[in-house]
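Derivation of every value follows stated rules applied to the coordinates shown; laboratory data play no part. These figures come from a predicted structure and were not determined experimentally. Cβ coordinates were reconstructed from backbone atoms using ideal geometry, including for glycine residues, and neighbour counts include every protein chain displayed.
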Amino acid sequence: MSSTEQGLSEDPAPDEDWERIQSSPEFIQLRRRLRNFVFPVSVLFLVWYLLYVLLADYAHPFMSTKMFGNITVGLVFGLLQFVSTFVITGLYVRYANRKLDPVAEQIRAEVEGTKK
């Protein structure tokens, strides 16, 4: 047996630690909070994007309606795709800072043995 294999077989603790951490209420709460944000926002953004694509393809008169000057509804909707991406990013960062990071820090502190 090589020294690498011996090191792995002698210390099964990391796998046991991971299983213990993964089944802990804090980790379950962290995953639930992440899913509660990511899934609805992803669905909302995909619906918004598909609406834009469908309107661009099937609603030419509406999308080519001039709002002011040479600025059309289609151009505004297209630019709003970029704006919505930045808004979602900002909302996620804010959400993660408030709801995810504190729980992740608590789990990390417990794992590293520096419980706060």
Give me the distance in nm between label points sitting 7 Å out from Cα along the Cα-to-Cβ direction at Arg98 and Thr65, one decimal. 3.5
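R0 = 41 Å: FRET efficiency of Ile88 with Ser24, Cβ-based, nearest 0.05? Please list the in-between numbers first.
Values: r = 29 Å, r/R0 = 0.71.
The formula returns an efficiency of 0.90 here.
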Under 5 Å, built H, 5+ apart or other chain: amide partners of Thr72: Met67
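Determine, for Arg33, Arg20, the number of other Cβ atoms within 10 Å of each Cβ, and report the residues in order from fewest to most. Provide the component values of the computation, followed by the final result.
Values: Arg33 16, Arg20 13.
The order, fewest Cβ neighbours first, is Arg20, Arg33.
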Going by C-beta contacts inside 10 Å, put Thr89, Thr72 in order with the fewest on the left. Thr89, Thr72
With N set to the residue count of the chain, report its C-alpha Rg divided by 2.2 N^0.38 Å to two decimal places. 1.78
